[in-house]
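Derivation of every value follows stated rules applied to the coordinates shown; laboratory data play no part. Computed from a prediction, not measured in an experiment: that's the story for all the values here. Reconstructed Cβ throughout: ideal geometry from the backbone, glycine too, with neighbour counts over all protein chains shown.
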Amino acid sequence: MPMEPVELAVAVGWVRLALWALILWSGVQLGAGLYEHRVVIPLWSVSPAPDTLGHRLADSGHTGSSMRFWPFVSPVVFLLAVLNAVLAWRHTGPAQPWWLFSSVLFIVESIATYAYFVPTMLSFMHRADTYTTEQLTRAVSRWCSLSTLRLWAAIPAWLAAVKAVTLLGGRDGWRL
């Protein structure tokens with residue numbers, strides 16, 4: 001049974017709100033990631049040593065943000081990306097490919113974050129002394145390189161979400 005015009009307008013409004021929430025939260029995440037890459041990571045990643053890396057992470061502020069910022073932002077972006085992937089899948093208009101691309105890329109980024117970046121960073125913070133200098137140097141270099149790649153992947157994901165919201169118009173394309 002088709003929705004009444006008022007019901008459809010309300011539903012479309014909530015859907016747009018979900019996409020705007022993804023744009024906002026992922027924008028905060030992207031901005032913080034850019035700041036970390038330009039300012040924070042260089043403070044601890046140059047010449048890492050097993051006996052000092054934990055202190056350098058704390059002194060740079062990376063440990064603090066890992067415990068007080070990222071655990072509150074990253075899960076929200078992941079959940080919003082999943083919600084938006086479902087909503088985009090159900091949409092048939094011109095926004096769908098942009099919306100799906102954005103949502104799926106944010107989901108992949110989140111999975112990579114929880115599967116690799118978080119556990120590796122925790123080992124740097126709490127167990128750096130279990131690495132040899134060579135192992136730690138390689139691990140930090142790999143983490144930084146992959147983190148840069150992750151950041152570069154977030155930029156087109158965010159831009160695609162912005163493009164999608166500009167293409168959401170009227171009531172066409174909605175299967176609610």
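Ranked by how many other Cβ atoms sit within 10 Å of their own Cβ, fewest first, the residues 63, 130 fall in the order 130, 63. Extending 7 Å from the Cα toward the beta-carbon at both residue 89 and residue 148 defines two label points whose distance is 3.6 nm. Cβ-Cβ distance of residue 82 and residue 58, R₀ of 45 Å, FRET efficiency by 1/(1 + (r/R0)^6): the value works out to about 0.85. Extending 7 Å from the Cα toward the beta-carbon at both residue 24 and residue 138 defines two label points whose distance is 4.5 nm. Cβ crowding within 10 Å, taken as a proxy for footprinting-reagent exposure, orders 116, 35 from fewest neighbours to most as 35, 116. Taking the 0 to 90 degree range and rounding to the nearest ten, how far is the long axis of helix 70-90 tilted relative to the main principal axis of the chain, both from C-alpha atoms? So the helix axis and the longest Cα principal axis differ by about 30 degrees. Out of 92, 162, 30, whose Cα points farthest toward the positive end of the dipole of the chain (charges: +1 Lys, Arg; -1 Asp, Glu; placed on Cβ)? Of the listed residues, the answer is 92. When only the Cβ of Lys, Arg, Asp and Glu is charged (+1, +1, -1, -1), the dipole of the stretch 1-159 relative to its Cα centre reaches about 140 debye. When each of 126, 62 is scored by the number of other beta-carbon atoms lying within 10 Å, the sequence from fewest to most is 126, 62.
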